[in-house]
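Chemist: Below are the structure tokens for one structure; questions will follow.
Please treat every number below as a calculation from the coordinates, not as lab data. As the structure is a prediction and not an experimental result, all values here were calculated from the model. With ideal geometry, Cβ positions are generated from the backbone for all residues, glycine too; neighbour counts draw on all protein chains shown.
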């Protein structure tokens, strides 16, 4: 079985199936925005990016609502 570079799997209350998937190609990445309601308006609380880099490296970074990196790690493919 082929393993994709990145994969998300999310369980959401009230849904029968989990939300799951990954990019089609090995050069593909993904971005997930986690939204929250604040003072009656929707805003991005966190952004997660998954990016293939040069030399077969894979990067996952998490940004807060100000765009500050709160997690950044590079993995070997």
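Chemist: Looking at 51, 47, 32, can you tell me which residue is within 10 Å of residue 6 (Cα to Cα), assigned to a strand (DSSP E or B) and free of Cβ contacts under 8 Å to residues at least 60 places away in the same chain? Lay out the reasoning, then the answer.
Modeler: On the way: 47 fails: within 10 Å of residue 6 (Cα to Cα); 32 fails: within 10 Å of residue 6 (Cα to Cα).
Testing whether each residue is within 10 Å of residue 6 (Cα to Cα), assigned to a strand (DSSP E or B) and free of Cβ contacts under 8 Å to residues at least 60 places away in the same chain leaves just 51.
Chemist: Shifting gears a bit: Tally the residues that are surrounded by fewer than 10 Cβ atoms within 10 Å (Cβ to Cβ) and at negative phi, restricting the search to segment 3-24.
Modeler: Narrowing segment 3-24 to residues surrounded by fewer than 10 Cβ atoms within 10 Å (Cβ to Cβ): 3, 9, 11-17, 24.
Retained after the next criterion (residues that are at negative phi): 3, 9, 11-13, 15-17, 24.
Number satisfying all stated conditions: 9.
Chemist: Which condition number in (1) surrounded by 11 or more Cβ atoms within 10 Å (Cβ to Cβ); (2) more than 25 Å from residue 5 (Cα to Cα) is the one that residue 42 fails?
Modeler: (1)
Chemist: Sort through 69, 74 and tell me the only one that's free of Cβ contacts under 8 Å to residues at least 12 places away in the same chain, under 21 Å from residue 5 (Cβ atoms) and over 12 Å from the mean Cα position of the chain (by Cα). Walk me through it before giving the result.
Modeler: Numbers: 74 fails: free of Cβ contacts under 8 Å to residues at least 12 places away in the same chain.
Result of the check over 69, 74: 69.
Chemist: Residues of segment 12-24 being closer than 19 Å to residue 50 by Cβ, free of Cβ contacts under 8 Å to residues at least 12 places away in the same chain and in a loop (DSSP other than H, G, I, E, B), which ones?
Modeler: Pass one, segment 12-24, residues closer than 19 Å to residue 50 by Cβ: 18-24.
Still in the list and also free of Cβ contacts under 8 Å to residues at least 12 places away in the same chain: 18-19, 24.
Selection gives 18, 24.
Chemist: Exactly one condition in (1) without any contact (Cβ under 8 Å) to a residue 40 or more places away in the chain; (2) outside any strand (DSSP E or B) is false for residue 42; which is it?
Modeler: (2)
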